[in-house]
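Asks: Here you go, one structure.
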């Protein structure tokens, strides 16, 4: 059974710092891996989606990498801002379950202080 | 352009009561699903549907019923609410081909349900 783990569970940094969030998964048979942002009281917003054949994806100050063989992904946030404060979720789409049956990690709660 | 709309946003129930969580999407997506989010756990799939008239169970289906009579709507029913069903519920939708084109799902803002 696929399991997704995110470390750390919470992170507090001062504004301007570069930071890395970690995600690991137990089964490398995946279609893709996604990073989501969740604001309090809100739904999930997809930030980056990495296909199983890709190594990384970039969007603005965000860069996500994927090492499928080792079951790891990282989300790099450059020059963090208070507006980046949110919970970041990692999710994989397993190959053996079909459709978009996402398996989520428990998330990393990020606080960026001014 | 409403996307995925969930109602209500908040609800408090007593044990044994029944209710329906509503989910509607206006993007003509074939695939719709329900997840629950609990503290210390990732979102877990409850039920999903690949089109009108077709539903199937996810990881944690017990205590929940679903139906899909139209493409737009995918309601989640709690027939006899239990305190263990206190959670935040999210609905999501996508085209069936999105998994091949690697497009992300669209999520609603969630329903926060407390059962006393």
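The values are calculated or read from the model by the stated rules, or taken from the named source; none is laboratory data. Predicted, not measured: the structure shown is a model, and the values here were computed from it. In this analysis, Cβ positions are derived from the backbone assuming ideal geometry, glycine residues included, and neighbour counts consider all displayed protein chains.
Asks: Are any residues in the range B:1-31 in contact with a helix residue (DSSP H, G or I) (Cβ under 9 Å, 6 or more places away or on another chain) and closer than 16 Å to residue B:84 by Cα, and if so, which ones? Break it down into steps so the answer makes sense when it comes.
Replies: Here is the first cut: in the range B:1-31, the ones in contact with a helix residue (DSSP H, G or I) (Cβ under 9 Å, 6 or more places away or on another chain) are B:13, B:15, B:29, B:31.
Result: B:13, B:15.
Asks: A further question on this structure: So, residue B:9, is that one within 12 Å of chain A (Cβ to nearest Cβ) and loosely packed, with under 14 Cβ neighbours inside 10 Å or not?
Replies: Values: within 12 Å of chain A (Cβ to nearest Cβ): yes; loosely packed, with under 14 Cβ neighbours inside 10 Å: yes.
Judged against the criteria, residue B:9 is a match.
Asks: Mind listing whichever residues of the range A:60-69 are at pLDDT 95 or above and either closer than 24 Å to residue A:96 by Cβ or not in a loop (DSSP other than H, G, I, E, B) (or both)? Steps first, please.
Replies: Initially, the range A:60-69 is screened for residues at pLDDT 95 or above, giving A:60-67.
Those that are at pLDDT 95 or above and either closer than 24 Å to residue A:96 by Cβ or not in a loop (DSSP other than H, G, I, E, B) (or both): A:62, A:63, A:64, A:65, A:66, A:67.
Asks: For residues that are surrounded by fewer than 13 Cβ atoms within 10 Å (Cβ to Cβ) and either farther than 23 Å from residue A:82 by Cβ or in contact with a helix residue (DSSP H, G or I) (Cβ under 8 Å, 6 or more places away or on another chain) (or both), tally how many sit in the range A:8-28.
Replies: Summing the residues that are surrounded by fewer than 13 Cβ atoms within 10 Å (Cβ to Cβ) and either farther than 23 Å from residue A:82 by Cβ or in contact with a helix residue (DSSP H, G or I) (Cβ under 8 Å, 6 or more places away or on another chain) (or both) in the range A:8-28 gives 1.
Asks: Now for a different question. Out of all the residues in the range A:39-58, which are more than 13 Å from the chain's Cα centre (by Cα) and either closer than 30 Å to residue B:8 by Cβ or away from every other protein chain (no Cβ under 12 Å) (or both)? Lay out the reasoning, then the answer.
Replies: So the first thing to find is which residues in the range A:39-58 are more than 13 Å from the chain's Cα centre (by Cα), and the list is A:39-43, A:51-55.
Listed by number, the residues that qualify are A:39, A:40, A:41, A:42, A:43, A:55.
Asks: Being within 24 Å of residue A:38 (Cβ to Cβ), in contact with a strand residue (DSSP E or B) (Cβ under 9 Å, 6 or more places away or on another chain) and surrounded by 20 or more Cβ atoms within 10 Å (Cβ to Cβ): is that true of residue B:89 here? Explain how you work it out, then say what you get.
Replies: Numbers: within 24 Å of residue A:38 (Cβ to Cβ): yes; in contact with a strand residue (DSSP E or B) (Cβ under 9 Å, 6 or more places away or on another chain): yes; surrounded by 20 or more Cβ atoms within 10 Å (Cβ to Cβ): yes.
Yes: the conditions hold for residue B:89.
Asks: Also: Can you find even one residue in the range B:35-47 that is within 11 Å of chain A (Cβ to nearest Cβ), touching a residue at least 60 places away in the same chain (Cβ under 8 Å) and farther than 30 Å from residue A:10 by Cα?
Replies: Checked against the condition, which is being within 11 Å of chain A (Cβ to nearest Cβ), touching a residue at least 60 places away in the same chain (Cβ under 8 Å) and farther than 30 Å from residue A:10 by Cα, the range B:35-47 yields no hits at all.
Asks: Same structure, new question: From B:53, B:63, which residue is more than 18 Å from residue A:104 (Cα to Cα), away from every other protein chain (no Cβ under 14 Å) and in contact with a helix residue (DSSP H, G or I) (Cβ under 9 Å, 6 or more places away or on another chain)? I'd like the intermediate steps shown before the answer.
Replies: Values: B:53 fails: in contact with a helix residue (DSSP H, G or I) (Cβ under 9 Å, 6 or more places away or on another chain).
After applying the criteria, what remains is B:63.
Asks: Check whether at least one residue in the range A:79-89 is modelled with pLDDT under 95 and farther than 30 Å from residue B:8 by Cα, and report yes or no.
Replies: Going residue by residue through the range A:79-89, those that are modelled with pLDDT under 95 are none.
No; the residues of the range A:79-89 include none that is modelled with pLDDT under 95 and farther than 30 Å from residue B:8 by Cα.
Asks: Go through (1) assigned to a loop (DSSP other than H, G, I, E, B); (2) more than 12 Å from chain A (Cβ to nearest Cβ); (3) over 13 Å from the mean Cα position of the chain (by Cα) one by one and return the number of the condition residue B:96 breaks.
Replies: All conditions are met except number (2).
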